[in-house]
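Student: First the structure, which I've put down as structure tokens, then a few questions once you've had a look.
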Amino acid sequence: MAAAQCASCGAPVEIKNRFSKVLVCSYCGTHLKVTGDGFDAAGRHPKLAEFPSIFQVGSRGTILGKPFTALGRMRYNYPGGHFDEWFLEYDGGTAWFTEDEGTYSLFTEVEEAVEFPDITTVRAGQNVMVGDKKVMVKEKGTAEVAGAEGELSFYVEPGTKVVYMDGVSEGKKIAIEATEDEIELFTGRPLLARDIIKS
Amino acid sequence: METDNPELKALKCSKCGGGLVKSYRSEYDDEEEENVSVPIGKCSSCGQEYDRKTEEYYGLFADDLAADKDNSVFKLGVKGTLKGVEYEIIGRIRYQDEDEWEKCTWDEWFAVASDGSYHYFVEEEGEIHSYEDYTPQSVDLESDPSSIEFEGKKISKDGAYVGRIVFAEGELPWKPEIGEPATMYDFKKDGAKFTIEQSEGEVSITKGEKLSYHDVVAAFGGEEHKKLFNETVTKRKNYRLKAVLYAVASAAVLALAVVNCLTTAPVAGVMKNKYDLAANVPVSEGGQNMYQSEVLYGPFELSKGDALYAARVFVDDSIQKMSLEWQSFRFLLVPEDRLLKAVNHQMTPAALKDLFDEVDAIREPVECYTFSGDFWDEEGTDDEGYWHESDLSVEDDFVLEKAGRYYAYLEMTSQKPRATASIGLELTRVKSYRYYIIVMVVLAGLSFWNRAKARTFNAMPFDVAG
């Protein structure tokens with residue numbers, strides 16, 4: 001997508017991935033929703049605090065031998081700390097990369113979990129059926145969107161509460177995120193540090 | 001984050017808000033099989049008791065259970081390289097086994113690798129395992145109440161144990177609470193060790209491998225640790241070597257004893273010369289008619305003095321069978337010189353008979369060794385029906401003081417007339433296997449002691465598994 005200007009501060013901004021729905025202005029922190037005509041300012045939020053992370057916006061390299069570019073990230077705060085979800089351009093498509101408590105995961109499949117049991121009753125250790133997948137819930141908690149940077153494939157207002165669940169199913173890592181509006185299921189795999197090579 | 005942080009302690013009675021104090025109560029201990037005094041928390045106001053299943057208990061006893069927390073090669077902030085990866089120790093949680101009222105703790109050390117990933121080192125009773133998160137092909141904790149399904153393998157829930165947090169420090173992935181429980185399942189699959197840890201809000205699955213203490217000390221220990229560890233390893237190796245040597249020596253001595261036993265041979269010529277002094281002479285004792293015979297064998301050579309011999313007197317069935325009767329005997333071993341002196345060198349049957357008829361009355365005994373016995377053959381019926389039993393051999397040991405020529409005198413009393421030749425006599429030099437056995441036991445004891453020392457010797461200030 002062509003370069004444009006931030007609707008709030010006029011700084012030059014550029015969307016690099018056609019699937020991106022949000023761009024966070026790196027100058028003023030304004031969340032810019034991508035529309036057919038350009039950008040709409042969705043709100044101005046403080047920049048993310050600089051915690052050490054494996055990536056920064058624009059990082060390139062390979063994951064499991066396939067090329068990636070880090071386009072943007074969402075940060076979530078929860079009672080035990082925070083975790084980052086990186087939106088990647090990955091092997092010709094997109095993927096999400098999570099970095100939580102020093103563990104890395106790559107999620108290449110994202111789908112809306114329409115058939116999901118009552119999320120309020122789910123607890124760690126329980127088996128739940130999500131569509132035709134039997135998922136063992138490893139952890140459930142509530143997080144709050146702390147902020148974002150770069151380009152993202154969806155937009156969630158900072159401060160939004162998200163119920164998250166981590167689980168395993170058929171040897172794959174499952175992450176489920178539920179907001180008031182939707183429940184999304186991410187399917188992926190854990191990564192070792194050596195699987196990630198930055199260029 | 002230390003245990004003296006008031007946030008981590010719950011030292012008030014949940015019933016009345018009163019202060020808790022350490023106390024004891026009597027409980028039956030399955031292992032000890034008796035009542036033992038176990039520690040509990042007790043409200044000083046209302047008397048409410050808090051045992052090992054309560055968080056209050058751990059709030060009260062946490063400091064005791066963490067008293068030896070510095071006895072580890074790991075320390076916060078220490079860095080080390082294992083298998084090419086550099087780790088920095090950033091936190092630790094200590095757990096106490098909820099089932100144990102005595103100290104039974106293990107530490108989970110949290111490390112961050114140079115690439116930013118988390119790693120766990122679990123240290124328990126001198127063993128260290130390295131753990132990483134694991135994503136199984138399938139896992140089901142709940143469908144079966146008695147077992148966990150893990151990648152097709154059933155893991156019994158009977159092996160579960162509950163760990164309670166008693167100490168925490170450094171940077172941790174979550175905020176621990178003293179007394180917080182986690183249920184653990186340890187199991188092996190395909191040679192690898194797995195742990196499923198289930199707490200109220202999280203299930204973690206980790207795969208581990210045992211680390212050699214050598215590698216851990218080399219990576220994380222200081223110079224003093226390395227020196228003491230080398231000393232420990234060297235001493236243990238020496239003890240192991242000694243244990244093997246003593247075990248080999250013990251086995252060799254045992255083999256010698258066996259060889260000695262198997263190569264024992266009877267003294268030759270004992271029954272070669274025989275004097276029948278009396279044969280089936282009717283006698284009456286206590287109103288019972290019996291028959292008495294006397295035989296003298298010898299002389300024969302007993303070539304080894306101060307040595308153990310075995311004497312065996314037996315019924316020779318090939319001469320005359322024993323049938324529903326009994327026979328008693330008395331055996332005397334007589335040195336030739338004493339016998340000759342006693343009969344004034346007159347070795348006539350009459351002189352010998354006179355001597356042995358009065359042998360018990362002689363002031364200076366002619367015999368140097370004597371023993372008695374019975375042979376019998378019986379039958380009858382009882383609840384199980386007909387039975388027939390017999391005892392046709394008697395054996396005894398003696399130590400011969402002096403080598404030399406000897407005679408053997410046998411006095412036999414029987415219910416029925418019996419051929420004097422039907423009683424056999426055998427003398428055997430028993431090689432001193434008993435001394436071998438004593439030496440073998442001593443050597444085996446030394447081997448066990450050295451083996452125990454090889455496992456337990458430790459110059460380090462903390463446990464190191466053998």
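Student: Pairs A:140/A:173; A:66/B:207; A:172/B:83; B:69/B:189; A:172/B:210; A:173/B:83: which are spaced more than 21 Å apart, C-alpha to C-alpha?
Tutor: Flagged as over cut-off: A:66/B:207; A:172/B:83; B:69/B:189; A:172/B:210; A:173/B:83.
Student: Now for a different question. Where the centre of each part is set by its Cα atoms, how far does segment B:163-203 sit from segment B:212-269, in angstrom?
Tutor: Using only Cα atoms to place each centre, the spacing works out to 39 Å.
Student: Take the Cα of residue B:209, step 7 Å along the line toward its Cβ, and report every residue of segment B:144-158 whose backbone nitrogen sits under 18 Å from that point.
Tutor: No residue passes the distance filter.
Student: Expressed as a whole percentage, what fraction of the accessible surface of segment B:262-400 belongs to carbon and sulfur atoms when a 1.4 Å probe is rolled over the protein heavy atoms?
Tutor: Within segment B:262-400, the accessible surface is 47 percent carbon and sulfur.
Student: Let me ask something additional. What translational diffusion coefficient, in µm²/s and rounded to a whole number, does the Stokes-Einstein relation yield for segment B:315-466 at 37 °C and a viscosity of 0.692 mPa s, taking the hydrodynamic radius as the Kirkwood radius over Cα pairs?
Tutor: Reported coefficient: 159 µm²/s.
Student: Compute the length gained on full extension between residue B:37 and residue B:389: take 0.36 nm times their separation in residues and subtract their Cα-Cα distance, giving the result in nm to one decimal.
Tutor: Full extension from residue B:37 to residue B:389 adds 121.0 nm.
Student: Using label points projected 7 Å from each Cα along Cα→Cβ, tell me how many nm separate residue B:381 and residue B:15, to one decimal.
Tutor: That separation, rounded to one decimal, is 7.4 nm.
Student: Okay, next question. Could you check which residue among A:67, A:117, A:52 shows the biggest mean-square fluctuation in a GNM of chain A with a 10 Å Cα cutoff?
Tutor: A:52
Student: Oh, and also: Taking the Cα centre of chain A as origin, sum charge times position over the Cβ atoms of Lys and Arg (+1) and Asp and Glu (-1), and report the length of that vector in debye to the nearest 20.
Tutor: Dipole about the Cα centre, nearest 20: 560 debye.
Student: With a 1.4 Å probe, what is the total accessible area buried between chains B and A, in Å² rounded to the nearest 100?
Tutor: 1800 Å²
Student: Taking 7 Å along the Cα-to-C-beta vector as the label spot, tell me the residue B:338-residue A:192 distance in nanometres, rounded to one decimal.
Tutor: Distance between label points: 8.6 nm.
Student: As I understand it, the dipole of the protein assembly as shown uses +1 on the Cβ of Lys and Arg and -1 on the Cβ of Asp and Glu, about the Cα centre. Which of B:221, B:54, B:340 lies farthest toward its positive end?
Tutor: Final value for the positive-end residue is B:221.
Student: Between residue B:317 and residue B:455, what FRET efficiency comes out of the Förster formula 1/(1 + (r/R0)^6) with R0 = 60 Å and r the beta carbon distance, rounded to 0.05?
Tutor: Using R0 = 60 Å, I get an efficiency of 0.60.
Student: Further question: Can you pull the accessible area of residue B:106 for me, 1.4 Å probe, Å² to the nearest 10?
Tutor: 20 Å²
Student: Now for a separate question. On a 0 to 90 degree scale, rounded to 10, what angle separates helix B:223-262 from the longest Cα axis of chain B?
Tutor: The two axes meet at around 20 degrees.
Student: Which of B:114, A:93, B:172 sits farthest toward the positive end of the charge dipole of the protein assembly as shown, with +1 on the Cβ of Lys and Arg and -1 on the Cβ of Asp and Glu?
Tutor: B:114
Student: Lys and Arg at +1, Asp and Glu at -1: add these up for the other residues within a Cβ distance under 11 Å of residue B:86 and post the number.
Tutor: Within the 11 Å Cβ shell, the charges total 0.
Student: About its Cα centre, how strong a charge dipole does segment B:23-177 have in debye, to the nearest 20, once Lys and Arg get +1 and Asp and Glu get -1 at the Cβ?
Tutor: 660 debye
Student: Mind listing the long-range amide H neighbours of residue B:180? Cut-off is under 5 Å, sequence gap 5 or more, other chains count too, H placed in the peptide plane at 1.01 Å from N.
Tutor: Long-range HN contacts for residue B:180: B:165.
Student: Do any residues of segment B:134-149 show a loss of at least 30 square angstrom of accessible area between the isolated chain and the full protein assembly, using a 1.4 Å probe, and if so which?
Tutor: Correct list: B:135, B:137, B:139, B:140, B:142.
Student: Can you give the accessible area per residue of segment B:100-256, in Å², using a 1.4 Å probe?
Tutor: Here the residues of segment B:100-256 average 47 Å² of exposed surface.
Student: Once you charge only the Cβ atoms, +1 for Lys and Arg and -1 for Asp and Glu, what is the size of the charge dipole of segment B:312-383 about its Cα centre, to the nearest 20 debye?
Tutor: Roughly 660 debye, rounded to the nearest 20.
Student: Note down the nm distance, to one decimal, between modelled labels 7 Å out along Cα→Cβ at residue B:364 and at residue B:289.
Tutor: 4.3 nm
Student: Report the normalised scattering of segment B:1-136 as log10 I(q)/I(0) at q = 0.12, 0.21 Å⁻¹, calculated by the Debye formula with identical scatterers on the alpha carbons.
Tutor: Values returned for q = 0.12, 0.21 Å⁻¹ are -0.62, -1.21.
Student: I'd like the residues of segment A:181-199 whose 1.4 Å-probe accessible area shrinks by no less than 10 Å² going from the isolated chain to the full set of protein chains.
Tutor: The answer is A:190, A:192, A:193 - residues whose exposure falls by at least 10 Å² when every protein chain is included.
Student: A further question follows. Kindly point out, ordered by number, any Cys in the protein assembly as shown whose beta-carbon has no other cysteine beta-carbon under 4.7 Å away.
Tutor: Singleton cysteines: B:104, B:261, B:368.
Student: Shifting gears a bit: Once you wrap a convex hull around the alpha carbon atoms of the protein assembly as shown, what is its projected area averaged over all directions, in nm²?
Tutor: Average of the hull's projected areas for the protein assembly as shown equals 51.6 nm².
Student: Related question: Give the dimensionless ratio obtained when the Cα radius of gyration of chain B is divided by 2.2 N^0.38 Å.
Tutor: Output field value: 1.74.
Student: Report, in whole Å, the centroid distance computed from the Cα atoms of segment B:377-391 and segment A:133-199.
Tutor: Computed from Cα coordinates, the inter-centre distance equals 87 Å.
The values are calculated or read from the model by the stated rules, or taken from the named source; none is laboratory data. Owing to the predicted nature of the structure, the values given are computational and were not obtained by experimental measurement. Cβ: placed from backbone, ideal geometry, glycine included. Neighbour counts: every protein chain shown. To get the accessible areas, we keep the full protein, side chains included, count just its heavy atoms, and leave off ligands, DNA and RNA. Shrake-Rupley method; radii C 1.70, N 1.55, O 1.52, S 1.80 Å.
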